[in-house]
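The values are calculated or read from the model by the stated rules, or taken from the named source; none is laboratory data. All values derive from a computational prediction rather than experimental measurement. Cβ coordinates were reconstructed from backbone atoms using ideal geometry, including for glycine residues, and neighbour counts include every protein chain displayed.
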Amino acid sequence: MEDDDDVREILMTMVRHLGYEASGAVDGRDGLQTFGLQQDSIDLVITDVSMPEMSGIELLEALHGQQPKTPVVLLTAHDLSLEFSTYAALGAKGWIHKPVNLSELERVLADAIAP
């Protein structure tokens, strides 16, 4: 989930380049609705932390309540290293700093989906 159209498209292209399927949502509410319809085919969620309508943290809490085993990766322009343990307790499996670097994305996704 990413509210910036260009960033969302670039991120989905990068995810596909790494061999995964990807679909996008424009904000947390749209993402939550999409997840509800497709949760059986979604293995991982990447969400921007700051979005209108529903923040990525609110989305993380909602997804964790619906499907706690689905890994969620946070996307942000800010350093989350100090507060990430709080988000991990809510179900976050990692975070990616914007602008997204392909090798970092690959590492974080692999770590997030590892058993």
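Output the residue which, of all residues in region 52-80 that are outside any helix (DSSP H, G or I) and within 12 Å of the chain's Cα centre (by Cα), is farthest from Gly94 (Cα to Cα).
Here the answer is Ser55.
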Every residue from region 81-110 that is farther than 23 Å from Gly19 by Cβ, more than 14 Å from the chain's Cα centre (by Cα) and not in a helix (DSSP H, G or I):
Ser81, Leu82, Glu83
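With the structure loaded, tell me whether Asp30 is closer than 19 Å to Ile113 by Cβ and not in a strand (DSSP E or B) or whether it fails that test. First the steps, then the outcome.
Numbers: closer than 19 Å to Ile113 by Cβ: no; not in a strand (DSSP E or B): yes.
Taking the combined requirement at face value, the residue does not satisfy it.
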Within the bounds of region 54-70, is there any residue that is surrounded by 13 or more Cβ atoms within 10 Å (Cβ to Cβ) and touching a Pro at 6+ places or on another chain (Cβ under 9 Å)?
no
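Considering only region 44-69, state which residues are over 20 Å from Arg8 (Cα atoms) and either polar (S, T, N, Q) or out of contact with any Leu (no Cβ under 6 Å at 6 or more places or on another chain) (or both).
Going residue by residue through region 44-69, those that are over 20 Å from Arg8 (Cα atoms) are 61-62, 64-69.
Within region 44-69, Gly65, Gln66, Gln67, Pro68, Lys69 meet the criteria.
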Take Leu37 and decide whether it is of a type outside the set (Phe, Trp, Tyr), out of contact with any Asp or Glu (no Cβ under 6 Å at 6 or more places or on another chain) and in contact (Cβ under 8 Å) with a residue 24 or more places away in the chain.
no
Go through Leu74, Leu102, Leu82 for me and flag whichever is surrounded by fewer than 16 Cβ atoms within 10 Å (Cβ to Cβ) and modelled with pLDDT of 95 or more.
Leu102
